[in-house]
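One structure is given here, and the rest of the page talks about it.
The values are calculated or read from the model by the stated rules, or taken from the named source; none is laboratory data. Since the model is a prediction, treat every value here as computed from it, not as a measurement. Cβ atoms come from the backbone with ideal geometry, glycine included; neighbour counts cover every protein chain shown.
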Amino acid sequence: MLINEIPDDCLLAIFEYLNSLEDLINCYKVCIKWSYLITKRAKKVKYLTFPFFGEGYPPGVVHYQKISTIDSTCLSKLFTNLIAVELSSKFHNKAEDAIEFVKNQKSLKGLINHFVVPIEKYCDELEMLSVNHFNPDNLQNGSCMKQLNVSNYSLKALERDAHYLPNLEKLTIQITILDNRYDGPVLEKLKILEIYHYYDEQPAEQLFYGFQLMDSCPNLQSAHITMRTDDWFFDETLKHKCLQDLVIDFCGYHNTWNRLKRLLMKYPNLKHLALWNFWDIKDEHIEQLVHILPNLVLWDVRECQEVTQRAADYVQDYCKRYGRSIKFYFKGNRDELKSDWPHLSSEYTLFSRDFDFMKHCFLKPHVFLPNFLIPIDY
């Protein structure tokens, strides 16, 4: 059988396995029949990205290496249903071509912009944005913004910008400068907060205010905190009753047990807790925390080297006595977590399908966190 004798349905099924943009474009140029079928295939594409490592390419994702030789007008005609794209000079050498491309994407909701030029300025109803530097003046409508990911930011900048973002639901920021406490508007709708804090000076000169920011997020449900500092500020007189999921990576910096205990008492309704690289926590501290957190069901201390089987036995006995169910993971049973919770992903993905922190973020270090959690109804 000649290749052109293959039925259209079979060819289209084959094209479904092509997730390289270069391959799709080459097939598009073969003949009128293939051009028609590739156009049908392209309408199913939701995400356009660089190649990335991790779980592979889920349905709807197409990646590219460098497409500066491909006409952006052709791309706009082929890909008419894109939800999110990742753009830089690898897309086109000229930012003007990227601008023209996004102007024609009427369904576009998410943009990862590596250009210095603010491509986001030309997107009508952008709801998800990932940039190196954020300026709210570059948004056509800040009230549409629901997810913001900024590589170079600060709480003082957020204090300045927050009133432009009244509907923000997920905020991911990296703080790399000496920062101040947050004294801006209450973030009423924020549900997920992810902070990576690293200031390239001596730890004594740093003070982390991320927990103080959380007090201004009354409906916050999930937080992922990575901090490279010995010193952090929080107001222990304020309780946060909505927080259910908390990941703190201490990066091996020394912090006192008493301070951690007082911090966790702020969050009495935690269900899922991960404490990573906290070198000062020991078995007797686990025994104290189990009484402080009455709603805990998943507890991950696999990267805390001083926690032993003794703590695991205590948690198990405590659950039997008081009728509780806590899945407790330390270095001695670390591999059981993935088998017990198979729906929790630990692999890197750029975009994750559905707005679910536990599924897509809880087991991941900051560098593996997805840029966007795409709502399931998109």
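A few comments on the model shown:
- Segment 184-211 - residue that is at pLDDT 85 or above and of a type in the set (Phe, Trp, Tyr) and, of those, farthest from residue 164 (Cα to Cα): 208
- The set of residues in segment 202-257 being aromatic (Phe, Trp, Tyr) and out of contact with any His (no Cβ under 7 Å at 6 or more places or on another chain) consists of 209, 211, 232, 233, 234, 250, 253.
- The residue that is surrounded by the fewest Cβ atoms within 10 Å (Cβ to Cβ), among those in segment 6-61 that are in a loop (DSSP other than H, G, I, E, B), at pLDDT 90 or above and not hydrophobic (A, V, I, L, M, F, W, C), is 43.
- Residue tally, condition surrounded by 20 or more Cβ atoms within 10 Å (Cβ to Cβ) and without any contact (Cβ under 8 Å) to a residue 24 or more places away in the chain, over segment 221-246: 0
Residues are listed down the side, and each one gets a yes or a no for (1) closer than 18 Å to residue 131 by Cα; (2) surrounded by fewer than 17 Cβ atoms within 10 Å (Cβ to Cβ); (3) in contact (Cβ under 8 Å) with a residue 60 or more places away in the chain:
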site: 333; (1), (2), (3): no, yes, no
site: 336; (1), (2), (3): no, yes, no
site: 339; (1), (2), (3): no, yes, no
site: 343; (1), (2), (3): no, yes, no
site: 347; (1), (2), (3): no, yes, yes
site: 354; (1), (2), (3): no, yes, no
site: 357; (1), (2), (3): no, no, yes
site: 362; (1), (2), (3): no, no, yes
site: 369; (1), (2), (3): yes, no, yes
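- Per the conditions (1) under 21 Å from residue 166 (Cα atoms); (2) at pLDDT 95 or above, the sole criterion not satisfied by residue 181 is (2).
- Scanning segment 247-305 for residues that are among the hydroxyl-bearing types (Ser, Thr, Tyr) and either surrounded by fewer than 20 Cβ atoms within 10 Å (Cβ to Cβ) or more than 25 Å from residue 207 (Cβ to Cβ) (or both) yields a count of 2.
- Failed criterion for residue 136 (all others in (1) of a type outside the set (D, E, K, R); (2) touching a helix residue (DSSP H, G or I) at 6+ places or on another chain (Cβ under 7 Å); (3) within 21 Å of residue 25 (Cβ to Cβ) hold): (3)
- Some residue of segment 195-217 being acidic (Asp, Glu) and either under 27 Å from residue 244 (Cα atoms) or buried (at least 18 other Cβ atoms within 10 Å of the Cβ) (or both): yes
- Selection within segment 301-315 - within 16 Å of residue 326 (Cβ to Cβ) and charged (D, E, K, R): 302, 310, 313
- Within segment 127-173, the set of residues being among the acidic types (Asp, Glu) and surrounded by fewer than 19 Cβ atoms within 10 Å (Cβ to Cβ) comprises 137, 159.
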